[in-house]
Amino acid sequence: MPYLTPRAQGQGDAWSADVAAQGRSGSQRIVHAGEVHAPAEVARLFGVADGEPVVVRRRLILLDDEPNELTDTYYPVAIARGTPLAGTAKIRGGAVTLLAELGHVGALVREDVTAALPEEAEQQALRLGPTEPVLRLTRLTLDCDERPIQVDRMVMPAQRQQLRYEIRIG
């Protein structure tokens with residue numbers, strides 16, 4: 001899965017490449033980056049106490065200049081503190097590539113997807129009405145020792161999304 005695999009030297013991030021291959025334009029705005037208190041779900045997935053510090057990158061993802069997704073990506077402070085993951089600058093090759101450079105490579109991913117109505121802040125950011133459903137995707141990435149290295153929490157307008165999964169067995 002290209003979004004979960006480190007990129008080769010000099011390559012941009014996988015999402016931008018995928019969007020460009022479709023003849024579309026994609027960008028993101030990092031609306032916040034730095035240390036925060038872990039929300040309950042993130043703390044549970046990382047196996048830490050509620051409110052323990054974690055690093056987050058909050059982004060508004062745009063597709064053809066329209067809001068397409070809200071993504072909060074969390075990292076343990078032991079991995080991300082003092083790195084570009086804790087800053088607002090674009091990361092060459094994407095965060096997955098930087099994690100690999102720091103010695104943290106994903107080996108197992110667990111995703112949970114649910115549907116719900118958007119919260120008020122999500123309605124505003126994604127330009128949705130109160131009855132337009134969203135998909136909530138939570139992705140946990142674990143390393144080869146099954147230690148959590150990243151949690152993504154994404155909110156996407158349901159009618160603007162297509163989720164595709166390719167799974168090899170054996």
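Just so it is clear, none of the values below were taken in a lab; they were calculated from the coordinates. None of these values were measured; they are calculated from a predicted model. Cβ placement follows ideal geometry from the backbone for every residue including glycine, while neighbour counts extend to all protein chains displayed.
Results, tabulated for the structure shown:
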read-out	value
Estimated dipole of region 34-92 in Debye, rounded to 20 [Cβ of Lys and Arg +1, of Asp and Glu -1, Cα centre]	340
Neighbour-count order for D50, D152, fewest beta carbons within 10 angstrom listed first	D50, D152
Loop sites in region 109-145: trypsin sites (Lys or Arg not before Pro), DSSP, at most 15 other Cβ within 10 Å	R127
Signed unit charges on C-beta, dipole axis of the chain, positive-most listed residue T138, G106, Y75	G106
Listed residue (G129, V155, T88) projecting farthest to the positive dipole end of region 2-160, Cβ model	T88
Cα centre as origin, Lys/Arg/Asp/Glu Cβ charges: the chain dipole, Debye	380
Gaussian network model of the chain, Cα within-10 Å springs - most flexible of A125, A95, A21	A21
Taking V109, V96 and counting other C-beta atoms within 10 Å, the order from fewest to most	V109, V96
Highest-MSF residue in the chain out of L85, L102, L135 [GNM, Cα springs under 10 Å]	L102
